[in-house]
Amino acid sequence: MRLHTFRAMGTEVSVVLDDGHSAEQIERFFASRERRFSRFRADSDLSLLNADPRETVPVPPDMARILTLAEQMRTRTEGLVDPAVGDAVRRWGYDATFEEVAGTRREAPAASSRTPRWRIDDGKLTRSPGTALDFGGIAKGYTCDQAVEMGLALVASAGGDVRSAYPAAKVEIVDPWDNESLTVTIGRGALATSSRTRRRWSTDTGEAHHIIDPRTGRPADTPILSATAWTATAVEAEAAAKAILIRGVDGLAWAERQPWIRSALAVWHDGSVYATVGWEVAA
């Protein structure tokens, strides 16, 4: 086995490959998904979909699949994880790649708005006028899931979203200050961390971050700095971690009630760390 690292989807990607895996093939695979799902590329399938004025639009199979997964995660998280926050993310200032946004001062929107309605059915997306989708972390998780399920890698990690088919796989959980918090064994499974400290920028009303609460259309107001979830797939882990963070005070209690979440961990604003049972701490 060997570790291969490269840049894709606006982040660092690390994959564990065996002798039958090709580094070039996995890089091409991630690049193809970036061309399809990036909101920062005017020619991506997602950007073209967002620009289409029609209320109901047929979408290609891979787009329908990720939309179906997003719809499932929206239901499981009781609406807290929803790609239709795209317009709110943009209005709050995250309207370019983070490298372009970081260090700038943006104008906060005058008023928040609730998330538009949308649904995917039989390969067709129906949405309310003005809906802008932003897959964000779910696209990274989906790509990691596909890379492993298609046999392109034993383990795939993109921006902290990890999917593994290797029984002894271990993952280092890093706290919001880049200190190692815990090393856990995830085996055949997935792990993701959602943080409101990584992608922040200034506005004329204070700091903002990229995690939007769909209930308010504003950056989530939560005492949790970062949340980590261990699940079966990276899409599930990404959704679980984000939902825990947005829910705040009762996030871990909610996670404990979800049969699809194996374990969860949260770092609070004062540095306190809390976790549910079930973590397999690596030696």
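The values are calculated or read from the model by the stated rules, or taken from the named source; none is laboratory data. Worth saying up front: this structure is predicted, and the values here are computed from it rather than measured. Using ideal geometry, Cβ is built from the backbone for each residue, glycine included, and neighbour counts are taken over all protein chains shown.
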* Please indicate, with yes or no, whether at least one residue in region 108-121 is buried (at least 17 other Cβ atoms within 10 Å of the Cβ) and in a strand (DSSP E or B). => yes
* Is there a residue in region 197-206 that is within 24 Å of TYR94 (Cα to Cα), in a loop (DSSP other than H, G, I, E, B), in contact (Cβ under 8 Å) with a residue 60 or more places away in the chain and out of contact with any Lys or Arg (no Cβ under 8 Å at 6 or more places or on another chain)? -> yes
* Residue in region 133-144 that is touching a Leu at 6+ places or on another chain (Cβ under 7 Å), aliphatic (A, V, I, L, M), assigned to a loop (DSSP other than H, G, I, E, B) and surrounded by 15 or more Cβ atoms within 10 Å (Cβ to Cβ) present -> yes
* Among the helices (runs of 4 or more DSSP H) lying completely within region 1-102, list those that include at least 3 residues that are in contact (Cβ under 8 Å) with a residue 60 or more places away in the chain and in contact with a helix residue (DSSP H, G or I) (Cβ under 9 Å, 6 or more places away or on another chain). => 23-37, 45-51, 61-76
* To do: Output the residue which, of all residues in region 22-35 that are surrounded by fewer than 19 Cβ atoms within 10 Å (Cβ to Cβ) and not acidic (Asp, Glu), is farthest from ALA84 (Cα to Cα).
  => SER22
* **Out of ALA253, ALA266, ALA243, ALA227, sole residue that is buried (at least 24 other Cβ atoms within 10 Å of the Cβ), modelled with pLDDT of 90 or more and within 14 Å of THR77 (Cα to Cα)** => ALA243
* Applying the selection to region 219-256, what residues are assigned to a loop (DSSP other than H, G, I, E, B) and either closer than 19 Å to THR197 by Cβ or not small (Gly, Ala, Ser) (or both)? -> ALA220, ASP221, THR222, PRO223, THR233
* Subset of region 187-197 that is over 13 Å from LYS140 (Cβ atoms) and either among the aliphatic types (A, V, I, L, M) or crowded, with 17+ Cβ neighbours inside 10 Å (or both) - its residue that is nearest to the chain's Cα centre (by Cα) -> SER195
* Asked: In region 162-178, what residues are under 11 Å from THR228 (Cβ atoms) and surrounded by 20 or more Cβ atoms within 10 Å (Cβ to Cβ)?
  -> VAL162, VAL171, ILE173
* Structure fact -> Going through region 172-186 in order, the residues found to be more than 17 Å from the chain's Cα centre (by Cα) and either among the aliphatic types (A, V, I, L, M) or at pLDDT 95 or above (or both) are LEU182, VAL184, ILE186
